[in-house]
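The structure appears below as structure tokens.
A short reminder: the numbers here are calculations on the coordinates, not readings from a lab. Just so it is clear, the structure is predicted and the values come from calculations on it, not from any experiment. Backbone-built Cβ (ideal geometry, glycine too); neighbour counts: all protein chains shown.
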Amino acid sequence: MIKQNLNIQIDAVITWVDGSDTEWQKKINTYSQTKIDFKKKKESVRYNSIGEIDIAIRSIIKFASFIKNIYLVTDNQKPENFEDLQQIALEKQINLTLVDHKVIFKGYEKYLPCFNSCSIGSVLYRIPNLSEHFIIFNDDTFLMRETKPSDFFINKEPIIRGQWKDFYENQSLRKFYHKMLSFLGKKKKKGGFKTLQQTSAKLAGTKKYVRRFHTPVPVRRLTLENFFKTNNVLESNIKHRFRNNTQFIVSSLSEHLEIKNNSYHYKNNAQLTYFRSYKYHFMVVFKLFLFSKNKKKLFMTFQCLEMAEDKTIDYVFTWINKKLN
């Protein structure tokens, strides 16, 4: 049995953008080669917000009371209810602080404005006064049960949640499939999130990679600081205002650096309920019911919830608010 040392300070970091901000919309369309029509839901879905950030912050305050600071990283933006959230956090002795992109891009301001989560994520470790141990949250991932430090760190080492996978070039069946596509004259798809994870793992020097789940990622700041001191790759990653297939993901890089150093704890149980499709209302209701019954699950992710029908969104928000109130 692993003896746990929980005497550590832990912060939370969330990146967020308010896609409904008309000034921000003008800004991104100034730099984007493909202009976004924000009146069309399908075009703007990556940037839409229906109040998830409030839920993400409230869920940390409610279910991770051990957190010392919550840093919300934005591009000169602030959630409408930010002051109220600050007060709720203070009641639990948690500091909720806004961090502007200009702060974490200090010395690299020429790459601002930035609309690329890979680039922004690469400099999160530069937040002033950030604790050695911190957890990266997406704004669509929520805590929905009580958590403790040992759900993220054991003996001060991060827990990595995911599945071990071979790199694409070592997957025989995949190689055969792409040969067939080439034979048929079909183009293979551009690299996506899995490709970026593999790039991160190779940069760390591992022989396989952990395809991580859509859960919060525990990180040690010095792991990244020390890596970037001896590897001149930071600037080449943050120079991209929009996602580029050559980039690495800092959360995956951090995890694989810990794997390389054997300073991690592995879990193949996501403890997650993940929503990506909202086609059938009854399935959403059923998955929420299953989460309630499975006491081992801690996390919940709603990807593109704004694409659901109104009755489904209302049901989800009502269910969540009952949990948080």
Counting C-alpha atoms alone, how compact is the range 233-325: give Rg to one decimal and Dmax as a whole number, in angstrom. 18.2, 48
How long are the three semi-axes of the equivalent ellipsoid of the range 223-266, in whole Å, if each is the root of 5 times an eigenvalue of the C-alpha gyration tensor, listed from largest down? 22, 13, 6
With charges only on Cβ, +1 for K and R and -1 for D and E, what is the dipole size of the chain about its Cα centre, in debye, rounded to 20? 1760
At 4 °C and 1.567 mPa s, what whole-number value in µm²/s does Stokes-Einstein give for the translational diffusion of the chain, with Rh from the Kirkwood sum over Cα pairs? 62
Taking springs between alpha-carbon atoms closer than 10 angstrom, which of 207, 293, 148 fluctuates most in the Gaussian network model of the chain? 293
Taking N as the number of residues in the range 1-153, what is its alpha-carbon radius of gyration divided by 2.2 N^0.38 Å? 1.12
Per DSSP helix of 4 or more residues, -39500 (n - 2.57); summed, then divided by the residues of the chain. What does that give at 222 nm, rounded to the nearest 500? -11000 deg cm²/dmol
Can you flag which of 106/148; 156/239; 208/295; 106/165; 68/297; 260/297 are past 25 Å Cα-Cα? 106/148; 156/239; 208/295; 106/165; 260/297
Among 310, 18, 166, which comes first, then next, by fewest other beta-carbon atoms within 10 Å? 310, 166, 18
Using Cα centres only, tell me the gap between the range 96-114 and the range 264-320 in whole Å. 32
